[in-house]
């Protein structure tokens, strides 16, 4: 029976190594929780990096243990982590795709590492691939992967989804390797984004830079037609609705009501990143307190910042600036019985189930593609 091969930079688990011993635990990432139920179905498999530099003596044992849970590990060296992940992904693609090109670094060594790691992922996918399987690739870390797989298996059904924005043509063209990245993405049959604006930017960029023809979100590349669509992100509303009756939730609500009985609570949850506007939100709250002192002791900001990329210099700097600003605001406005900001630096991810419709769309598109091929 055909299976789905999910391919992402990270596996939905975290591995911690202590000498010759290791532990495996579930990841709290949004992609991991959203696809958690899919990769466990039947013979489906998830291909990705386990998130740590694993000693070669442990790799085979860890790989075997992970494969029992439908997980296929792609191991990266520390140099690859530095140049591929922390370098090209987080210091080149991330800032450019978020319209913060002044933060971007364009380094040839990082690009070469990005290329080689994508080839390593391609080899892992092909090792698990059988005719009729659906390959579902995720996010900006693997932009070259669709074309690499297409080159080896022209008949493969490939879907690609980008979980971050796609910039306008004027911004994307700043990347020296723009043509190679676009050619990699065009290897997919179906390319998905969160919003229509992302679709529009991608189609415009492909037309201007790669010269492909397009019509109604259909891109023609040689003898293939690629569908580009938006799949708006949602949440599992039923889960949150049902949580109201959960005794643990009720207990937590009651404790919050006791602590903040005399003030309104403003909730803020974000991953540590300069694109999230965390500093600006703090500055706005500070401005609010200074311009409207009548709200002192009546409003509190409950801020949760989820740890992310702590070893990247810009993220370290951002965390330090957040710590300093929170401390400054609290020291300036706190009273004996009230503190304006309750700040927590910890993991806190909601579960999402908005991936299921996308997977169904990719499977339906693969079937239609097979029917068209037979008809021809």
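The values are calculated or read from the model by the stated rules, or taken from the named source; none is laboratory data. This structure is a prediction, so every number in the text was calculated from the model and none was measured. Backbone-built Cβ (ideal geometry, glycine too); neighbour counts: all protein chains shown.
Residue-wise test of (1) under 22 Å from residue 72 (Cβ atoms); (2) more than 16 Å from the chain's Cα centre (by Cα); (3) assigned to a helix (DSSP H, G or I).
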{"site": "146", "(1), (2), (3)": "yes, yes, yes"}
{"site": "155", "(1), (2), (3)": "yes, yes, no"}
{"site": "160", "(1), (2), (3)": "yes, no, no"}
{"site": "163", "(1), (2), (3)": "yes, no, no"}
{"site": "171", "(1), (2), (3)": "no, yes, yes"}
{"site": "176", "(1), (2), (3)": "no, yes, no"}
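Per-residue answers, yes or no, for (1) surrounded by 14 or more Cβ atoms within 10 Å (Cβ to Cβ); (2) assigned by TED's automatic domain parsing to the domain that holds residue 165; (3) more than 26 Å from residue 346 (Cα to Cα); (4) modelled with pLDDT of 85 or more:
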{"site": "210", "(1), (2), (3), (4)": "yes, yes, yes, yes"}
{"site": "215", "(1), (2), (3), (4)": "no, yes, yes, yes"}
{"site": "250", "(1), (2), (3), (4)": "no, no, no, yes"}
{"site": "301", "(1), (2), (3), (4)": "yes, no, no, yes"}
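For residue 76, are the conditions met, namely being outside any helix (DSSP H, G or I), on the phi < 0 side of the Ramachandran plot and in contact (Cβ under 8 Å) with a residue 24 or more places away in the chain?
Details: outside any helix (DSSP H, G or I): yes; on the phi < 0 side of the Ramachandran plot: yes; in contact (Cβ under 8 Å) with a residue 24 or more places away in the chain: yes.
When the stated conditions are applied, residue 76 passes them.
Kindly evaluate residue 150 against the criterion of being surrounded by 18 or more Cβ atoms within 10 Å (Cβ to Cβ) and either farther than 19 Å from residue 12 by Cβ or at pLDDT 90 or above (or both). Write out each step before concluding.
On the way: surrounded by 18 or more Cβ atoms within 10 Å (Cβ to Cβ): yes; either farther than 19 Å from residue 12 by Cβ or at pLDDT 90 or above (or both): yes.
Here the answer is yes, as residue 150 does meet what is asked.
Which of the numbered conditions does residue 219 fail, given that it passes all the others? Conditions: (1) over 25 Å from residue 192 (Cα atoms); (2) in a strand (DSSP E or B); (3) touching a helix residue (DSSP H, G or I) at 6+ places or on another chain (Cβ under 8 Å).
In the conditions (1) over 25 Å from residue 192 (Cα atoms); (2) in a strand (DSSP E or B); (3) touching a helix residue (DSSP H, G or I) at 6+ places or on another chain (Cβ under 8 Å), residue 219 misses (1) alone.
The rows are residues; the columns are (1) assigned to a helix (DSSP H, G or I); (2) in contact with a strand residue (DSSP E or B) (Cβ under 6 Å, 6 or more places away or on another chain).
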| residue | (1), (2) |
| --- | --- |
| 286 | yes, no |
| 290 | yes, no |
| 294 | yes, no |
| 297 | no, no |
| 302 | no, yes |
| 305 | no, yes |
| 308 | no, yes |
| 316 | yes, no |
| 321 | yes, no |
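Can you name the residue in region 247-281 that is touching a residue at least 40 places away in the same chain (Cβ under 8 Å) and outside any loop (DSSP other than H, G, I, E, B) and is also nearest to residue 317 (Cα to Cα) among such residues?
Looking at residues that are touching a residue at least 40 places away in the same chain (Cβ under 8 Å) and outside any loop (DSSP other than H, G, I, E, B), I get 274.
Among the residues in region 247-265, are any touching a helix residue (DSSP H, G or I) at 6+ places or on another chain (Cβ under 8 Å) and within 27 Å of residue 196 (Cβ to Cβ)?
Just the residues of region 247-265 that are touching a helix residue (DSSP H, G or I) at 6+ places or on another chain (Cβ under 8 Å), to begin with: 249, 265.
Adding the requirement that they be within 27 Å of residue 196 (Cβ to Cβ) leaves none.
No: zero hits.
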